[in-house]
Each structure stands twice: as structure tokens, then as C-alpha cells.
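Single-structure report; data block below.
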Amino acid sequence: MPPTSEHPEPQLPTRLGEGTTLRAAQLQDVPDLHALETRLFPADAWALDMFLAEVGHPTRSYYVLEHDTGSGPSIIGYCGVMVVGDTADVQTIAVLSEHEGNGYGRAMLETMHTRSRQQGAERILLEVRADNPRAQRLYRRNGYTRIHVRPRYYDDGTDALIMLKELTAPTAPVATVHPPATGEHPTAPHTAKDSTP
């Protein structure tokens, strides 16, 4: 569902750092997203054409985290969610390691939670590597509980933990995420990979 006055884009926590913004992904972001994906997930990065296929898909919403140090913005993270019926699924969430610990992972999760609720989701799922305790802690702190294990899910044989959060009304103060100027619906892809946001 594209953003309207009745269903505006999700809002973010206002505590994003100086020069850091979260916005809807656009088609022109795909090459940079793919480059970041390849850097963060070298063993199982999505192909460029998969990103392109995802951007604009009506059941998905993707967001780009940018940081500007004065010489122009650069992408330091991204996230995406799929909503089908009353269930949402985090497709991906990642932040460059040098920008971890600034609340960006929480901000991206809250954005995906808000968008999912707006599209009628009552619950949201995600997959996380069993060998990524930092990401697991982030998800638990944000209301997720482990409900299942997929043995040897990842290409390297690592298990995937399936986590669930029941969606409720947001409680944090928020700031607006602006939709893309091109009129494209915000989005980009994944089989729930996670960096330690």
C-alpha cells in the first residue's frame, strides 16, 4: 500500500544521530545497497537483480540509513519488511559495524513495526543467525521471542533462530520518514539476513 494521508510513511525515533537519516529506499539506491550487502554478507549476498526485483514490490517496504559527515550522504545501513495478510516478516536489517551502538537498529525495527501495523499486520517474524548474539539481544530488547530453530539454515551450516513479536501501538516519540520523490514505493530484498545493528 503506497503512502497516503490516511496511511503516511512510518515515523522514526527522534534520537538518530547528527547527520544520520532514515528514508524510503529508491530504485537508484539499489547499486549502493547491493555493494553494502556484498560487504556485510559476502557468503550469501543477494544478487543485484534480486534487489531490483524487490524495489517497488507492493508487499515490501525498504529503508536506507544514511550518514552525512559534510561531504555528502553515504549509506551505512538498510532494512526491509514484507507484509502479507496479518503477518509481517523482516527481510533484512544491517548496519555497518563502525556505526553500531547508536540506536539505528532499534530505529529501523520501529520503522518496520510501524509500517507493518499500517498495512494490517498483527505480528512480525524474523530469522537471525544462531551465532549472532548481539542481534539476538537487540531483537529481545525490542519484544521478540524465539519460537523455532531451523537447523543448518544458512549456507555455512549455521542454524537460524525464528523470532516473533506481537505488534501493538507504538510508544516512542517519532519523526517523519519521507517517501521517495520518484513516486516509487519504498523497498529492496532478503531472506532475513542480519548484521549486528
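The values are calculated or read from the model by the stated rules, or taken from the named source; none is laboratory data. Keep in mind the model is a prediction, meaning the values are calculated, not measured. With ideal geometry, Cβ positions are generated from the backbone for all residues, glycine too; neighbour counts draw on all protein chains shown.
Name the residue, out of LEU12, LEU40, that is surrounded by 14 or more Cβ atoms within 10 Å (Cβ to Cβ), at pLDDT below 90, of a type outside the set (Lys, Arg) and touching a strand residue (DSSP E or B) at 6+ places or on another chain (Cβ under 7 Å).
So the residue among LEU12, LEU40 that is surrounded by 14 or more Cβ atoms within 10 Å (Cβ to Cβ), at pLDDT below 90, of a type outside the set (Lys, Arg) and touching a strand residue (DSSP E or B) at 6+ places or on another chain (Cβ under 7 Å) is LEU12.
Only residues that are in contact with a strand residue (DSSP E or B) (Cβ under 8 Å, 6 or more places away or on another chain) and free of Cβ contacts under 8 Å to residues at least 40 places away in the same chain: list them for region 80-97, please.
Answer for region 80-97, where residues must be in contact with a strand residue (DSSP E or B) (Cβ under 8 Å, 6 or more places away or on another chain) and free of Cβ contacts under 8 Å to residues at least 40 places away in the same chain: MET82, VAL83, ASP86, THR87.
Looking at the structure I just gave you, is TYR104 aromatic (Phe, Trp, Tyr) and modelled with pLDDT of 95 or more?
Here the answer is no, as TYR104 does not meet what is asked.
Taking region 69-93, which residues are buried (at least 18 other Cβ atoms within 10 Å of the Cβ), among the hydrophobic types (A, V, I, L, M, F, W, C) and over 17 Å from ILE162 (Cα atoms)?
ILE76, CYS79
Does ALA192 satisfy the condition of being modelled with pLDDT under 95 and exposed (fewer than 15 other Cβ atoms within 10 Å of the Cβ)?
Taking the combined requirement at face value, the residue does not satisfy it.
Which numbered condition trips up GLU100, out of (1) in contact (Cβ under 8 Å) with a residue 40 or more places away in the chain; (2) within 25 Å of MET50 (Cα to Cα)?
Evaluating GLU100 over (1) in contact (Cβ under 8 Å) with a residue 40 or more places away in the chain; (2) within 25 Å of MET50 (Cα to Cα) leaves (2) as the failure.
Of these, LEU33, LEU109, LEU65, which one is touching a residue at least 24 places away in the same chain (Cβ under 8 Å), of a type in the set (A, V, I, L, M), crowded, with 22+ Cβ neighbours inside 10 Å and assigned to a strand (DSSP E or B)?
The match here is LEU65.
Quick check, is ALA121 touching a Ser or Thr at 6+ places or on another chain (Cβ under 7 Å), among the small types (Gly, Ala, Ser) and free of Cβ contacts under 8 Å to residues at least 40 places away in the same chain?
No.
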